[in-house]
1. Condition (residue is assigned to a strand (DSSP E or B), open to solvent by 50 Å² or more (accessible area, probe 1.4 Å) and under 19 Å from Gly194 (Cα atoms)) applied to region 241-250: is it met by at least one residue?
2. For region 188-204, which positions are open to solvent by less than 50 Å² (accessible area, probe 1.4 Å) and in a strand (DSSP E or B)?
3. Can you pull out the residues in region 230-240 that are surrounded by fewer than 17 Cβ atoms within 10 Å (Cβ to Cβ) and either without any contact (Cβ under 8 Å) to a residue 24 or more places away in the chain or within 20 Å of Leu201 (Cβ to Cβ) (or both)?
4. Test Met42 against the stated conditions and say whether it is open to solvent by 10 Å² or more (accessible area, probe 1.4 Å) and within 17 Å of Gly65 (Cβ to Cβ).
5. Has region 152-163 got any residue that is part of a strand (DSSP E or B), open to solvent by less than 60 Å² (accessible area, probe 1.4 Å) and either more than 23 Å from Leu289 (Cα to Cα) or touching a residue at least 40 places away in the same chain (Cβ under 8 Å) (or both)?
6. For Gly208, state whether it is small (Gly, Ala, Ser) and under 17 Å from Gly45 (Cα atoms).
7. Exactly one of (1) part of a strand (DSSP E or B); (2) in contact with a Phe, Trp or Tyr (Cβ under 7 Å, 6 or more places away or on another chain); (3) of a type outside the set (A, V, I, L, M, F, W, C) is unmet by Ser224. Its number?
8. Could you tell me which of the residues Arg312, Arg264 is open to solvent by 60 Å² or more (accessible area, probe 1.4 Å), within 17 Å of Val39 (Cα to Cα) and at pLDDT below 95?
Amino acid sequence: MKAIVMNGMGGREVLEYVERPDPVAGPGEALVEIALAGVNFMDIGVRQGMAWTEVPNPKILGVEGAGRVLAVGDGVEGIERGQRVAWVYAPGSYAERIAIPATSLVPVPDTTDDRMAASVMMQGLTASHFATDFYPVQPGDVAFVHAAAGGVGMLLTQIIKLRGGHVIGRVSSEEKVAAAKEAGADHVIVDTEGRFAEEALRLTRGEGVHVVYDGSGPTTFQGSRDLLRRSGTFCWYGPVLGGPGPLDIMSLPKSIKIGYATFRDHIHTPELLRARSARLLDWIVDGRLKIRIGGEYPLTEAAQAHADMESRKTTGKLLLVL
């Protein structure tokens with residue numbers, strides 16, 4: 001089979017399109033023919049040496065995708081040959097085939113196509129965790145969403161609106177305003193200099209927001225902290241851009257709460273994975289959740305997909321088409 005491997009830690013030049021042996025479904029696993037693989041910042045972090053360092057190179061990148069089951073190993077229940085499935089975390093997804101633990105697979109209904117299924121797993125479950133679990137948004141809450149035109153940001157905005165909240169979004173350029181508004185943002189701030197807090201406070205008449213979702217790295221940390229109201233919640237996520245550094249907890253103002261959110265805590269059992277994925281897929285079918293695909297690339301152009309994602313010029317989800 002064809003696959004994208006990284007031959008070492010570094011830039012996009014370490015990625016290579018190669019031939020690898022076909023995997024075989026072991027006990028408890030399913031062999032899946034991949035139709036599409038999702039591109040995520042996690043993949044860039046792995047390439048840069050922030051994760052999977054214990055796995056020797058060359059190794060196949062990618063964790064997310066959708067496809068069709070070719071075979072199942074001994075002991076598999078609930079997943080059958082020929083079934084369409086999707087997954088949020090299975091290392092080695094930048095390839096034509098993959099052997100995945102059957103408990104990591106989500107059945108895809110006929111009402112949902114592969115593109116939608118592959119696009120909503122990582123970013124959709126992340127957004128679902130943020131707005132329904134980490135901080136369950138209530139009607140009337142005001143949320144501040146960084147990178148509001150990105151894949152997570154657009155889904156997060158929609159879920160907040162589904163729950164009756166209001167959204168102030170931040171984007172990095174005027175070109176991204178339309179995408180953020182399309183997702184439902186009530187106000188959109190264009191900012192690259194870290195001055196967004198002042199405008200957010202003006203929009204909330206000095207009160208601040210109930211929750212801020214910030215995956216934009218250390219440069220936005222102080223501003224995000226400043227725009228929270230009393231007892232507000234700071235949802236920090238995304239390890240690729242780095243953390244804010246040491247934090248004196250006694251220096252936190254206004255009784256605010258800060259936490260680091262990871263999607264795995266939202267789906268820590270197979271039952272939760274399938275239930276929460278099914279809810280996302282139902283929202284798509286009902287038209288309540290809209291997926292914006294920002295780019296599709298053949299597997300051979302995985303490096304270009306990484307380049308486009310790193311440029312921060314894209315909106316929505318990026319996919320590799322196999």
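The values are calculated or read from the model by the stated rules, or taken from the named source; none is laboratory data. Here the structure is a predicted model, which is why all the values come from computation and not from measurement. Heads up, the Cβs are rebuilt from the backbone with ideal geometry, glycines too, and the neighbour counts pull from every protein chain shown. Side chains are part of the model used for accessible areas, which takes the heavy atoms of the whole protein and leaves out ligands, DNA and RNA. Shrake-Rupley method; radii C 1.70, N 1.55, O 1.52, S 1.80 Å.
1. First, pick out the residues of region 241-250 that are assigned to a strand (DSSP E or B): none.
No, every residue in region 241-250 fails to be assigned to a strand (DSSP E or B), open to solvent by 50 Å² or more (accessible area, probe 1.4 Å) and under 19 Å from Gly194 (Cα atoms).
2. The answer is Val188, Ile189.
3. Filtering region 230-240 down to residues surrounded by fewer than 17 Cβ atoms within 10 Å (Cβ to Cβ) leaves 230-231, 239.
Within region 230-240, Arg230, Ser231 meet the criteria.
4. On the way: open to solvent by 10 Å² or more (accessible area, probe 1.4 Å): yes; within 17 Å of Gly65 (Cβ to Cβ): yes.
Yes: the conditions hold for Met42.
5. Initial filter on region 152-163 (part of a strand (DSSP E or B)): none.
There is no residue in region 152-163 that is part of a strand (DSSP E or B), open to solvent by less than 60 Å² (accessible area, probe 1.4 Å) and either more than 23 Å from Leu289 (Cα to Cα) or touching a residue at least 40 places away in the same chain (Cβ under 8 Å) (or both).
6. Details: small (Gly, Ala, Ser): yes; under 17 Å from Gly45 (Cα atoms): no.
No.
7. (1)
8. On the way: Arg264 fails: within 17 Å of Val39 (Cα to Cα).
Exactly one of Arg312, Arg264 is open to solvent by 60 Å² or more (accessible area, probe 1.4 Å), within 17 Å of Val39 (Cα to Cα) and at pLDDT below 95, namely Arg312.
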